[in-house]
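**Q** Before we start, here is the structure in question, set down as structure tokens.
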Amino acid sequence: MSERVEQIRAHLVGDLIPFWKSLRDDERGGYIGYVGYDLKRDAAAERGCILNSRILWFFSSAYLALGDASLLAEARHAYEALLTMLDPANGGVYWSMNADGTVFDGTKHTYNQAFAVYALSAYHRASGSAAALEKAYGLMEVIETKCRDAGGYLEAQTADWKPMSNEKLSENGVMASRTMNTLLHVMEGYTGLYEAGHDPRVRARLYEIMETLETKIWNPEKRRQEVFFDADWHTLIDLHSFGHDIETSWLADHTLDVLGDEALTARIRPLLLAMAAETLKLAYTPGNGFSAEMERGKIDTTRVWWVQAEALLGFQNAYAHTGEQAYLDAARSQWDYIRDRLIDRRCGEWHWSLREDGTPTGKPVVEPWKCPYHNGRMCFEVIRRNLL
């Protein structure tokens with residue numbers, strides 16, 4: 001391993017894993033759902049189901065990467081918590097729970113269902129649990145019967161599957177009927193499910209998602225994905241989400257590898273590499289991280305934790321396919337920035353975000369969206385590829 005890869009492995013083993021292990025709640029089950037910027041833990045806080053799914057995915061993937069039995073025990077603990085987040089009457093996963101196990105927010109969001117599929121698939125691969133795989137397929141059936149219409153995947157619904165507005169995944173002053181982000185993570189969840197079970201039904205859905213990415217989401221003139229849409233796939237805002245583009249550039253490429261279809265890869269990979277090239281040009285500052293987004297031509301220079309991790313992975317992937325030194329240099333620079341500025345040395349987790357000058361914005365260390373998924377996945381992928 002190179003020096004940087006060894007540093008990243010040491011960060012995973014010495015910082016991230018111990019921090020998330022420390023949030024285990026043996027009294028109530030699951031993991032503590034809130035840690036403030038002041039590092040105070042609120043064991044009674046809302047438990048986000050996406051957060052729990054991501055913790056389950058993290059410990060399952062960490063076990064697969066490192067082989068430490070204690071990680072599988074943590075994954076089992078998160079799996080048992082996820083079982084309590086499933087709606088036995090109406091199907092699907094709730095949005096969030098109270099610490100006592102009652103429902104806090106009963107919203108059924110497609111994004112949330114997809115992350116549960118992703119997590120259960122990883123847990124099956126780690127543990128061999130047939131029940132986990134069965135539940136993953138059950139949630140896929142929920143997505144396919146409750147969370148889509150003739151035009152594509154839907155967004156938010158009530159606990160009993162009635163349409164509702166999509167506040168949870170709409171931003172920037174618009175209310176979206178469809179989003180790039182939900183489609184991206186349905187793709188991710190189904191890719192994990194296909195790796196776990198190689199079911200042809202899942203494969204067929206992944207082809208459909210790739211077609212939607214190519215024909216509805218991708219903007220070839222601006223070399224970016226559109227973000228928020230109405231029900232007919234008309235874009236709602238001039239927004240370039242640098243973080244999602246660089247994430248898609250490698251995550252969809254992984255789906256192509258899993259599918260193993262040379263013709264599909266030849267069609268889709270060039271647009272993924274174009275995304276990476278455009279973000280390298282517009283969002284990356286050597287030595288000073290990666291900007292979040294650009295709305296109506298104005299760049300938001302906030303350095304958000306998940307965006308920095310995905311930038312490293314997107315540049316690493318682009319280098320693997322092109323051999324261009326600029327991508328390798330950018331990936332290495334991203335790690336140096338993360339190591340020197342973004343890791344919160346008080347606890348080992350990452351700051352939520354930094355201002356362009358490097359000062360923390362003071363957001364929570366853990367809450368329903370702040371999780372070990374992006375930074376943990378960065379570690380796993382860097383170790384696996386060993387390119388840095």
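The values are calculated or read from the model by the stated rules, or taken from the named source; none is laboratory data. All of these numbers come straight from a predicted model, not from anything done at the bench. In this analysis, Cβ positions are derived from the backbone assuming ideal geometry, glycine residues included, and neighbour counts consider all displayed protein chains.
**Q** Scan segment 223-255 residue by residue and report those that are without any contact (Cβ under 8 Å) to a residue 24 or more places away in the chain and within 27 Å of residue 304 (Cα to Cα).
**A** Keep residues of segment 223-255 that are without any contact (Cβ under 8 Å) to a residue 24 or more places away in the chain, which gives 234-235.
Correct list: 235 only.
**Q** Can I ask one more? Looking only at segment 184-192, decide whether some residue is touching a Phe, Trp or Tyr at 6+ places or on another chain (Cβ under 9 Å), on the phi < 0 side of the Ramachandran plot and aromatic (Phe, Trp, Tyr).
**A** yes
**Q** In this structure, does residue 166 turn out to be within 30 Å of residue 105 (Cα to Cα), buried (at least 21 other Cβ atoms within 10 Å of the Cβ) and at pLDDT below 95? So that I can check it myself, show each step before the final result.
**A** Working: within 30 Å of residue 105 (Cα to Cα): yes; buried (at least 21 other Cβ atoms within 10 Å of the Cβ): yes; at pLDDT below 95: yes.
Taking the combined requirement at face value, the residue satisfies it.
**Q** Please determine, by comparing only the residues of segment 91-111 that are polar (S, T, N, Q) and more than 23 Å from residue 123 (Cβ to Cβ), which one is surrounded by the most Cβ atoms within 10 Å (Cβ to Cβ).
**A** Start the filter on segment 91-111 by keeping residues that are polar (S, T, N, Q), which leaves 96, 98, 102, 107, 110.
In the following step, the residues that additionally are more than 23 Å from residue 123 (Cβ to Cβ) were identified as 98, 102, 107.
Numbers: 98: 15, 102: 8, 107: 21.
So, considering only residues that are polar (S, T, N, Q) and more than 23 Å from residue 123 (Cβ to Cβ), the one surrounded by the most Cβ atoms within 10 Å (Cβ to Cβ) is 107.
**Q** Name the one entry in 28, 9, 4 that is outside any helix (DSSP H, G or I), of a type outside the set (S, T, N, Q) and surrounded by fewer than 22 Cβ atoms within 10 Å (Cβ to Cβ).
**A** Details: 9 fails: outside any helix (DSSP H, G or I); 4 fails: outside any helix (DSSP H, G or I).
From the options 28, 9, 4, the qualifying one is 28.
**Q** OK, next. Test residue 76 against the criterion of being under 18 Å from the mean Cα position of the chain (by Cα), among the basic types (Lys, Arg) and buried (at least 16 other Cβ atoms within 10 Å of the Cβ), and give yes or no. Working first, answer last.
**A** On the way: under 18 Å from the mean Cα position of the chain (by Cα): no; among the basic types (Lys, Arg): yes; buried (at least 16 other Cβ atoms within 10 Å of the Cβ): yes.
So residue 76 fails the test.
**Q** From the list 294, 275, which one is part of a helix (DSSP H, G or I) and of a type in the set (A, V, I, L, M, F, W, C)? Before you say what the answer is, go through the steps one by one.
**A** Values: 294 fails: part of a helix (DSSP H, G or I).
That would be 275, the only listed residue that is part of a helix (DSSP H, G or I) and of a type in the set (A, V, I, L, M, F, W, C).
Conditions tested, residue by residue: (1) surrounded by 22 or more Cβ atoms within 10 Å (Cβ to Cβ); (2) assigned to a strand (DSSP E or B); (3) without any contact (Cβ under 8 Å) to a residue 24 or more places away in the chain.
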residue: 311; (1), (2), (3): yes, no, no
residue: 315; (1), (2), (3): yes, no, no
residue: 319; (1), (2), (3): yes, no, no
residue: 328; (1), (2), (3): no, no, no
residue: 334; (1), (2), (3): yes, no, no
residue: 337; (1), (2), (3): yes, no, no
residue: 345; (1), (2), (3): no, no, yes
residue: 357; (1), (2), (3): no, no, yes
residue: 363; (1), (2), (3): no, no, no
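**Q** While we're looking at this one, here's another question. Restricting attention to segment 169-197, which residues are at pLDDT below 95 and in a helix (DSSP H, G or I)?
**A** If the condition is that a residue be at pLDDT below 95 and in a helix (DSSP H, G or I), then 169 is the only one that fits.
**Q** Collect the residues in segment 220-264 that are under 20 Å from the mean Cα position of the chain (by Cα) and part of a loop (DSSP other than H, G, I, E, B), keeping them in residue-number order.
**A** Listed by number, the residues that qualify are 226, 227, 241.
**Q** Scanning segment 197-235 for residues that are closer than 22 Å to residue 269 by Cα and among the basic types (Lys, Arg), which turns out surrounded by the most Cβ atoms within 10 Å (Cβ to Cβ)?
**A** 224
**Q** Somewhere in segment 257-266, is a residue β-branched (Val, Ile, Thr), surrounded by 23 or more Cβ atoms within 10 Å (Cβ to Cβ) and touching a residue at least 40 places away in the same chain (Cβ under 8 Å)? Give the derivation first.
**A** Residues of segment 257-266 β-branched (Val, Ile, Thr): 258, 265.
Right, trim to surrounded by 23 or more Cβ atoms within 10 Å (Cβ to Cβ) and you get none.
No, segment 257-266 contains no residue that is β-branched (Val, Ile, Thr), surrounded by 23 or more Cβ atoms within 10 Å (Cβ to Cβ) and touching a residue at least 40 places away in the same chain (Cβ under 8 Å).
**Q** Okay, moving on. Quick one: in segment 138-171, of everything that is within 20 Å of the chain's Cα centre (by Cα) and of a type outside the set (A, V, I, L, M), which residue is nearest to residue 253 (Cα to Cα)?
**A** Out of the qualifying residues, it is 153.
**Q** Look at residue 254 and say whether it is closer than 26 Å to residue 149 by Cα and either among the hydrophobic types (A, V, I, L, M, F, W, C) or surrounded by fewer than 19 Cβ atoms within 10 Å (Cβ to Cβ) (or both). Before the answer, list the steps.
**A** Working: closer than 26 Å to residue 149 by Cα: no; either among the hydrophobic types (A, V, I, L, M, F, W, C) or surrounded by fewer than 19 Cβ atoms within 10 Å (Cβ to Cβ) (or both): yes.
So residue 254 fails the test.
**Q** Shifting gears a bit: So, of the residues in segment 341-388 that are more than 20 Å from residue 115 (Cα to Cα) and among the small types (Gly, Ala, Ser), which turns out to be nearest to the chain's Cα centre (by Cα)? Even if it seems obvious, please write down each step before you answer.
**A** Narrowing segment 341-388 to residues more than 20 Å from residue 115 (Cα to Cα): 341-365, 382-388.
In the following step, the residues that additionally are among the small types (Gly, Ala, Ser) were identified as 348, 353, 358, 362.
On the way: 348: 20, 353: 16, 358: 24, 362: 22 Å.
Selected residue: 353.
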